[in-house]
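Structure first, then comments.
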Amino acid sequence: TAAMAIVTVLWFVAGYTLSFGTSGAATNGFIGGVQALFLNGVGVKTAHALTPGLPEFLWIGYQLTFAIITPALIAGAFAERIKFSASVLFFTLWHLIVYAPICHQVWGGGWMGELGVLDFAGGAVVHVNAGVAGLVCAIVLGPRHGWGRDNMAPHNLAFTAIGTGLLFVGWMGFNGGSAAGANEIAAVAVFNTLLAPAAAAVGWIAVEWTLKKKPTLLGLLTGVVAGLVAITPAAGFVDPRGAFLIGLISGPVAYVGAVWLKHKLKYDDSLDAFGVHGIAGIAGALLTGVFANAAINPLAEGATVWKQAVGLGGAMLWSAVGTFVVLMICKYTVGLRVEKEAEIEGLDYSQHGEAMH
C-alpha cells in the first residue's frame, strides 16, 4: 500500500514524463524529458504517440499500474527486516533512478526499443528489473534472523492460493491490455496468459514430485506465477504453441532458481523475487526471441535471442547498479535494517504498533 501511494504521487509529479517523455538527443536513449511534469499539457483530448487511439489519461493510469507493482515485488525480497522509513525512501528513489529510466529505455523511445528488444507487457521492465533489484536488496541486507534454521514456510496456504488467483485475474489485464485495444493481439495475449502458467505449473510439479516425492500446493502456485512471469514479455508476440513451451520450460527453471540457487548461494530472498520473477523473467524474455512470430504480431519481425539478451543485460546492469546506489543512500541517511529485537518481535508491531490476528 505504501508503494502504491508513493509511486502514484511520483508518477503524477515526474515518473510519467521521465518514462514516456522525450529528452535531448544525447539523453533520450536513457531517460525521458520533463515536459509533462505534474502532467502538464495532458488533457481529455490528448493522446500519447504510442497509443494515438486512446485518451492519454487512460494510458497514464494503465502504465501507472506497472510502475506500482514493480517496487512492490522487490519488497518480497527484503520482507521482515527493513525499516519502514528505509522502504519509503527506497521506493521513492528507486522509482526515479531505476524504474523510470528502464521503462523509457524499453517502451518510451529509448535504446532498447530502438534496438528491437521485445517486451510485450513487462518482462524486462517489471519482472527482471524487480528480480535483480530484489537480489541486490537481499544480499545487502543479509538474511533474516533464523533463516536456514527456523521454519519460515507460508503461515496460511489458503491466503497464498487466494492471492495467486487474484494475481492471475489481474495478469489478464496487464497482458491483454498491452495490446492497447480489444483486438486479435489482445485475444491471443489473454489465451497465452492462460496457457503458459498452466504448463509452468505442470513443469514445476513434475520436478518437485520427482525430486521430493510429494507434490505441494505451494509448488503448484509458484509454478503458476513463474509461468505468468515468463509469458509476460512474449504474450502478444507468440502463438499458443510458443506459449506452451515457454511455460513448460519456465516452471522447472524457476524451481531451480527458487529452491536450489537461493540455498546454494545463501541469500535470503524472502518471497523469491529473484528466484521466480527474475529467473522466469529472464527465461521468458530470451525465449521470446526464439518463439516470436510475425504472423501473430508484425512487430515480432526481426526478433532474435541476441537482441533480447543485449536488452536484458542492459536492464539488469542498470537495475543492479541503481538499486545498490539507492540502498547506500538509505543506509547512510535513515538506516536500512531494524534491530534484532524488533525483527523477532515482528515489524507489524515494532514498526507500526499494530498486530495481525
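The values are calculated or read from the model by the stated rules, or taken from the named source; none is laboratory data. Just so it is clear, the model here is predicted, and its values are computed rather than measured. Neighbour counts run over all protein chains shown; Cβ positions are idealised from the backbone, glycine included. These area figures cover heavy atoms from the full protein model, side chains too; ligands, DNA and RNA do not enter into them. Shrake-Rupley method; radii C 1.70, N 1.55, O 1.52, S 1.80 Å.
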Can you find a residue in the range 268-275 that is crowded, with 18+ Cβ neighbours inside 10 Å and more than 19 Å from the chain's Cα centre (by Cα)? no
Taking the range 105-124 and keeping residues more than 16 Å from Ala179 (Cβ to Cβ) and within 13 Å of the chain's Cα centre (by Cα) leaves Ala124
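Any residue at all in the range 148-158 that's within 20 Å of the chain's Cα centre (by Cα) and in a helix (DSSP H, G or I)?
No, that holds for no residue.
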Any idea which of (1) within 20 Å of the chain's Cα centre (by Cα); (2) crowded, with 20+ Cβ neighbours inside 10 Å is the one Ile185 doesn't satisfy? (1)
Among the residues of the range 71-103, how many are open to solvent by less than 40 Å² (accessible area, probe 1.4 Å), over 15 Å from Tyr332 (Cα atoms) and either free of Cβ contacts under 8 Å to residues at least 60 places away in the same chain or over 17 Å from the mean Cα position of the chain (by Cα) (or both)? 1
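So that you can scan it fast, the table gives a plain yes or no per residue for (1) crowded, with 21+ Cβ neighbours inside 10 Å; (2) assigned to a helix (DSSP H, G or I):
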residue: Ile205; (1), (2): no, yes
residue: Leu211; (1), (2): no, yes
residue: Leu220; (1), (2): no, yes
residue: Ala226; (1), (2): yes, yes
residue: Val238; (1), (2): yes, no
residue: Gly242; (1), (2): yes, yes
residue: Leu245; (1), (2): no, yes
residue: Val259; (1), (2): no, yes
Take the range 262-273 and flag every residue that is part of a helix (DSSP H, G or I) and farther than 19 Å from Gly163 by Cβ. Lys262, His263, Lys264, Leu265
Looking at Leu327, is it modelled with pLDDT under 95 and within 26 Å of His95 (Cβ to Cβ)? no
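Within the range 115-147, count every residue that is of a type in the set (A, V, I, L, M) and outside any helix (DSSP H, G or I).
So the count comes out to 3.
Mind listing whichever residues of the range 162-182 are farther than 22 Å from Ile60 by Cα, of a type outside the set (Phe, Trp, Tyr) and either open to solvent by 40 Å² or more (accessible area, probe 1.4 Å) or not in a helix (DSSP H, G or I) (or both)?
Scanning the range 162-182 gives Ile162, Leu166.
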Report, by residue number, each residue of the range 40-59 that is aliphatic (A, V, I, L, M), open to solvent by less than 50 Å² (accessible area, probe 1.4 Å) and under 15 Å from Ala179 (Cα atoms). Leu54
Enumeration of residues in the range 1-26 that are surrounded by fewer than 14 Cβ atoms within 10 Å (Cβ to Cβ) and of a type in the set (S, T, N, Q): Thr1
